[in-house]
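Student: Structure provided below as structure tokens; questions to follow.
The values are calculated or read from the model by the stated rules, or taken from the named source; none is laboratory data. A quick note: this is a predicted structure, and the numbers were derived from the prediction, not measured. Note that each Cβ is placed from the backbone with ideal geometry, even for glycine, and that neighbours are counted across all protein chains shown. All accessible areas refer to the heavy atoms of the entire protein, side chains included, with ligands and DNA or RNA removed. Shrake-Rupley method; radii C 1.70, N 1.55, O 1.52, S 1.80 Å.
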Amino acid sequence: MRHYKIALLEGDGIGPEIMKEAVKVLKLVEKRNDVKFELTTADFGASAYFKCGDPFPEETKAICDRADAIIKGPIGLSHEESKKIPVDKQPERGALLPLRARFNTYANYRPVSLPKDLGHFSPLKPEIVGDGIDIIMVRELVGGLYFGDKETGVNEQGLRYVKETLEYDEAQIARIMHQALKLSMSRKKVLHNIHKSNVLKSSVLWNEVLEEIAPEYPEVEIKHILVDAAATLLCLNPGQFDVMVMENMFGDILSDQGGGILGSLGLMPSACIGPEKSYYEPSHGSAPDIAGQNIANPYSMIGSVAMMLEHSFDMAGEARNIWNAMQGVFGDGYSTPDLSRPGADVKMIHTDEFGEKVVEKLQAMPAVAGP
Ligand code: IPM
Ligand code: MG
């Protein structure tokens, strides 16, 4: 029997309630496969700060170090609440970025996916959604402005100034390009390269490295597109995109737009892949405004479990079953109140009921042991 250690970081806001549903699914996968998941919950985010003064406590680091994979809920507080925490201990700077750096999770996969029959979730017109939306955004996750040197001070004119550095070396660019090109090979063999080389030197090097590596993947057609144009085309014609690759900051913004064209960030799970260890998290925030009400949809959290099964544990078959189960629940007309534009005759259910329905659907499907 395979045995895996998994660290569970519930996070803040809606984190604990959507994590609970993800664990239900994981328990079922364990029950019906020859695999044992050893789950250890650890404090992380603003809740950890208020409990012990550190948003990423040493004990949590040790649990993550020992784990084979990490599942992380959303973190963060409302703008006002955040002010109660010193800037460097706020959960984004004090926990999330250090987590990414610790495990060097450089490749962030963010599926932007909506089958045709769930098209009513999208704010886009049906003729634009067409046969559905099926994109994977590949975001570089440990470089660029997020991790560059930062400086603040007062300049010679007595004005406060700030300087943040956008830095990449060719090895950092090459490794994310290889990931994106390999992913393209397993899909439609079209890669959209997102850049801003008309202004940024970083994008000039980004494109150069891609051009050098691309011949190793002769079957992949590469399309270069400026980031601002990509934002427009995601709204006008999302069907043209399959795999998109981009640097960290562009990926932060465009992936939220991805959630927008689906109708909700609640439909956005993600995988953060590192050389030795990966972690999995919803792409959205902790939604403090609806926390504790049992109304948040757990799709992004359960989807993150599916991505873990596929990428960390070679269980793509079960991952597919989970996607189908979740979409089946929507297909039966159920939804949760947090999802926008849920359609006319939708049956509203709560977070825990959604999780239970996913479990029921999954139970009815034959388990698939491997990929
Ligand atoms: C995301 C989030 C984070 C990011 C925040 C919480 C720091 O928005 O994962 O997209 O900017 O990377
Ligand atoms: Mg973001």
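Student: I need the shape label for segment 114-263. Rule: rounded when a/c is under 1.5, else prolate if a/b > b/c, else oblate, with a, b, c from the alpha carbon gyration tensor.
Tutor: oblate
Student: How do the peptides 352-358, 242-248, 201-207 rank, highest first, by the average count of neighbouring beta carbon atoms within 10 Å per residue?
Tutor: So the order, starting with the most tightly packed, is 242-248, 352-358, 201-207.
Student: Can you work out the PRE-style zone for residue 81? Point 7 Å along Cα to Cβ, and I want the residues of segment 35-58 with backbone N under 19 Å.
Tutor: Within reach of a label on residue 81, which here means backbone N under 19 Å from a point 7 Å along Cα→Cβ, segment 35-58 contributes 42-57.
Student: Right, another one. If you place +1 on the Cβ of every Lys and Arg and -1 on the Cβ of every Asp and Glu, how big does the dipole about the Cα centre of segment 114-263 come out, in debye to the nearest 20? Mind dumping the intermediate values first?
Tutor: On the way: 14 positive and 23 negative charges, 71 e Å.
Roughly 340 debye, rounded to the nearest 20.
Student: Still on this model: Quick one: with all protein chains in place, what share of the accessible area of segment 114-263 is carbon or sulfur, to the nearest percent (1.4 Å probe)?
Tutor: C and S fraction of accessible area: 54 percent.
Student: Turning to a different aspect of this structure: Put 41, 165 in order of accessible area, largest first, 1.4 Å probe: what do you get?
Tutor: I get 41, 165, largest accessible area first.
Student: How much accessible area per residue does segment 114-263 have, in Å², with a 1.4 Å probe?
Tutor: 50
Student: If you wrap a convex hull around the alpha carbons of segment 259-371, what volume per residue comes out, as a whole number of Å³?
Tutor: Value for segment 259-371: 107 Å³ per residue.
Student: If packing is taken as the mean number of other Cβ atoms within 10 Å per residue, what is the order of 302-309, 362-369, highest first? Write out the running numbers ahead of the final one.
Tutor: Details: 302-309: 26.6, 362-369: 13.8.
Packing order, densest peptide first, comes out as 302-309, 362-369.
Student: For residue 223, give me every one of the aspartates and glutamates with a C-alpha distance below 14 angstrom, ignoring sequence neighbours fewer than eight places off in its own chain.
Tutor: Candidates past the 8-residue exclusion: 208, 211, 242.
Student: A follow-up question, please. Could you work out Rg/(2.2 N^0.38 Å) for the chain, with Rg from alpha carbons only?
Tutor: Relative to the 2.2 N^0.38 Å estimate, the chain comes out at 0.98.
Student: A follow-up question, please. Dipole size in debye (nearest 20) for the chain around its Cα centre, Lys and Arg Cβ +1, Asp and Glu Cβ -1?
Tutor: Using Cβ point charges on Lys, Arg, Asp and Glu, the chain gives about 460 debye.
Student: Among 229-239, 88-98, 264-274, what's the highest-first ranking by average C-beta atoms within 10 angstrom per residue?
Tutor: By packing density, highest mean first, the sequence is 264-274, 88-98, 229-239.
Student: Going down the table (61/201; 163/201; 61/277; 51/84), which pairs top 25 Å between alpha carbons? Intermediate values should be presented prior to the final figure.
Tutor: Working: 61/201 36 Å; 163/201 17 Å; 61/277 13 Å; 51/84 13 Å.
Going by Cα-Cα distance, 61/201 fall outside the 25 Å limit.
Student: Taking 0.36 nm per residue of separation and subtracting the Cα-Cα distance, what length does fully extending residue 233 through residue 152 add?
Tutor: Gain in length upon complete extension: 25.5 nm.
Student: For a 20 Å ceiling on Cα separation, which of these pairs sit above it: 31/347; 89/150; 27/347; 24/357; 20/72; 72/189?
Tutor: 31/347; 27/347; 72/189
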